[in-house]
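What follows is a short report on a single structure.
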Amino acid sequence: MGSGTVTDLKTLLYDCDKCVAYCCSIYDRVQVTPRDIRRLAAHFRVLPEVAAKRFTKLFGKERILRRKHDRLFGQACMFLDQGTRKCTIYHARPAVCREFPITERCAYYDLIEFEREQQNDPDVIPLVKITFKDGNGQ
Ligand code: SF4
Ligand code: SF4
């Protein structure tokens, strides 16, 4: 999700290029709107109905992105490149992905930076899991 890069550092206090994309992995539900589906459809040059079926699914009344197996977190967004940990549809990603993390800080980036400093290991990856009381993810 995150869009923070080195060039954003004047305003953003996180750097997605140094992260493993927690935001694209640990949330079970990445919501998509009809507009997001039209954007996906245009990106893949398919009809919106096809994009909705191929890339999204219903969770109750909510439409969310499909997920796939992920080597780090078990599951991740189907559009996450597991090698680079980057979004493969960056310019066509849903609105919620564009907005995350809303503020100039990203708690997950703070965590990875903190742990790498503590361990004196620039490659260490703290694993994070979010659990909700109702057990429904996100
Ligand atoms: S669409 Fe891209 S930015 Fe959004 S969760 Fe998936 S991989 Fe991350
Ligand atoms: S978790 Fe934060 S720092 Fe990591 S990719 Fe997402 S927005 Fe960027």
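State which residue is farthest from residue 25 (Cα to Cα) when the search covers only segment 90-138 and only residues that are of a type in the set (Asp, Glu) and surrounded by 11 or more Cβ atoms within 10 Å (Cβ to Cβ). Ranking the qualifying residues of segment 90-138, first place goes to 117.
Taking residue 104, is it within 16 Å of ligand 2 (Cβ to nearest atom), under 13 Å from residue 1 (Cα atoms) and acidic (Asp, Glu)? No.
Kindly state which helices (runs of 4 or more DSSP H) lie completely within segment 16-120 and contain at least 3 residues that are modelled with pLDDT of 95 or more and within 10 Å of ligand 1 (Cβ to nearest atom). Of the helices (runs of 4 or more DSSP H) lying wholly inside segment 16-120, those with at least 3 residues that are modelled with pLDDT of 95 or more and within 10 Å of ligand 1 (Cβ to nearest atom) span 95-99.
Across segment 1-15, the qualifying residues are those that are farther than 24 Å from residue 72 by Cα and of a type in the set (D, E, K, R), and the one among them that is modelled with the lowest pLDDT is 8. Pull up segment 64-110, narrow it to residues that are of a type in the set (Phe, Trp, Tyr) and within 10 Å of the chain's Cα centre (by Cα), then point me to the one that is nearest to residue 54 (Cα to Cα). The selected residue is 79. Quick check on my filter: what residues within segment 121-132 are among the charged types (D, E, K, R) and either over 30 Å from residue 33 (Cα atoms) or at pLDDT 95 or above (or both)? Correct list: 121, 123.
This table checks each residue for (1) farther than 16 Å from residue 19 by Cβ; (2) in contact with a Ser or Thr (Cβ under 8 Å, 6 or more places away or on another chain).
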{"position": "36", "(1), (2)": "yes, no"}
{"position": "43", "(1), (2)": "yes, no"}
{"position": "52", "(1), (2)": "yes, no"}
{"position": "60", "(1), (2)": "yes, no"}
{"position": "66", "(1), (2)": "yes, yes"}
{"position": "73", "(1), (2)": "no, yes"}
{"position": "82", "(1), (2)": "no, no"}
{"position": "86", "(1), (2)": "no, no"}
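Among residues of segment 73-89 being in contact (Cβ under 8 Å) with a residue 40 or more places away in the chain and more than 12 Å from ligand 2 (Cβ to nearest atom), the one that is farthest from residue 28 (Cα to Cα) is 89. The set of residues in segment 30-61 being under 30 Å from residue 126 (Cα atoms) and surrounded by fewer than 16 Cβ atoms within 10 Å (Cβ to Cβ) consists of 57, 59.
The values are calculated or read from the model by the stated rules, or taken from the named source; none is laboratory data. If you're wondering where the values come from, they're calculated on a predicted model, not measured in any experiment. Cβ coordinates were reconstructed from backbone atoms using ideal geometry, including for glycine residues, and neighbour counts include every protein chain displayed.
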